[in-house]
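This report concerns only the one structure given below.
Each reported figure results from applying straightforward, stated rules to the coordinates on display, with no laboratory input. Please read all numbers here as calculations on a predicted model, not as lab measurements. We place every Cβ from the backbone using ideal geometry, glycine too, and count neighbours over all the protein chains shown.
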Amino acid sequence: MKILIDMNLSPEWEQVFDKHNIQAVHWTKIGAFNAPDIILMNWARENGYIVFTHDLDFGTALASLKPNPQV
């Protein structure tokens, strides 16, 4: 399992997941801090990551993705 930690959560989550042998990376190591949610969501999908977020509009961001024919 690979987890992408959203900007609205602390980078310290990487250490929490690491203790459980789960690969995790905070968005600040990947892209711009002010990147739109769609950029983050697309990166996660293209790279096989699950998004860990606290966004209240997560459903909207998820719905804005185009269907992935590989799924």
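Laid out as a table, the results:
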item	result
Per-residue HN-Hα couplings for segment 28-35 [Karplus 6.51, -1.76, 1.60; θ = phi - 60°; Hz; x = Gly/Pro]	4, 8, 10, x, 5, 4, 9, 5
Sorted by Cβ density within 10 Å, fewest first, the residues Thr53, Thr28	Thr28, Thr53
Which of His20, Phe52, Ser10, positive extreme of dipole for segment 2-63 (C-beta unit charges)	His20
Fully extended contour minus Cα-Cα distance, from Glu46 to Ile22, at 0.36 nm per residue	6.8 nm
Under 5 Å, built H, 5+ apart or other chain: amide partners of His26	Ile5
